[in-house]
Amino acid sequence: MISQEMASRINAQINREMYSANFYLALSAQAEAMSLRGVAAWFFAKHGEELEHAMKMYRYLIDQDAVVRIGDVAAPEAVEPSVIEMFERTLSHERGVTANINDLVDHALSEKDHATNIFLHWFVTEQIEEEATVNDILGRVRLFGDQGQSLMLIDNELADVAKQIGQAQDTTAA
Ligand SMILES: [Fe+2]
Ligand SMILES: [Fe+2]
């Protein structure tokens, strides 16, 4: 059992994870429209990961006998159809999520809620990896540019990464 306050904060995070899923789905659709199959597959894989994050929190609330509230999910803002812009927005989005997760940990600690604190550790680690991955992609896109051949190479590379994420998701589901 966790406090109502802790549960409502996790519910708010479930909503933000669902927002993240839609944010990535919109970027995936935009990449599809730009004929960037690899970039589209990468954002689509992120969409799947964000839904998994929401479901982890959903399951945690149920296991803790807390109330799950599914609220309205805000529409993602339009992003310029430029690959650099898409990854810049992704990085600033993930940094915002990291701050949200840190706030949740702060609250769990303030309540001496050890179970929620431990549960949130997975998300703390996940955010380090997410920011690092996006930073790496963005660094390469800035270095090589997001046009012509370099864009084609990055698109191919992200297609491979998306395949690996897809395989990892299959393994987790199995
Ligand atoms: Fe997430
Ligand atoms: Fe994320």
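Taken over the range 95-148, the ratio of Cα radius of gyration to 2.2 N^0.38 Å equals 1.57.
In this simple spin-label approximation, Ser8 and Glu32 carry label points 7 Å from Cα along the Cα→Cβ vector, and these lie 3.8 nm apart.
Span-like helix check, the chain: qualifying full DSSP H segments, with Cα axial length of 27 Å or more and mean Kyte-Doolittle of 0.0 or more, are 114-144.
Between the listed residues Gln169, Leu153, Gly139, the Cα displaced farthest toward the positive end of the dipole of the chain, a dipole computed from Cβ unit charges relative to the Cα centre, is found at Gln169. Size of the chain from its Cα atoms: along the principal axes, largest to smallest, the extents are 55, 31, 27 Å.
Accessible surface calculations at 1.4 Å, restricted to protein heavy atoms, place the range 1-74 at 49 Å² per residue.
Here the simple spin-label model places points 7 Å from the Cα toward Cβ, and for Ala168 and Glu129 these points are separated by 0.4 nm. Here is the size of the range 1-90 from its Cα atoms: Rg then Dmax, 15.4, 49 Å.
The values are calculated or read from the model by the stated rules, or taken from the named source; none is laboratory data. The shown structure was predicted, so the numbers you read here are calculated from the model rather than taken from an experiment. Backbone-built Cβ (ideal geometry, glycine too); neighbour counts: all protein chains shown. These accessible areas exclude ligands, DNA and RNA; they are computed on the full protein's heavy atoms, side chains included. Shrake-Rupley method; radii C 1.70, N 1.55, O 1.52, S 1.80 Å.
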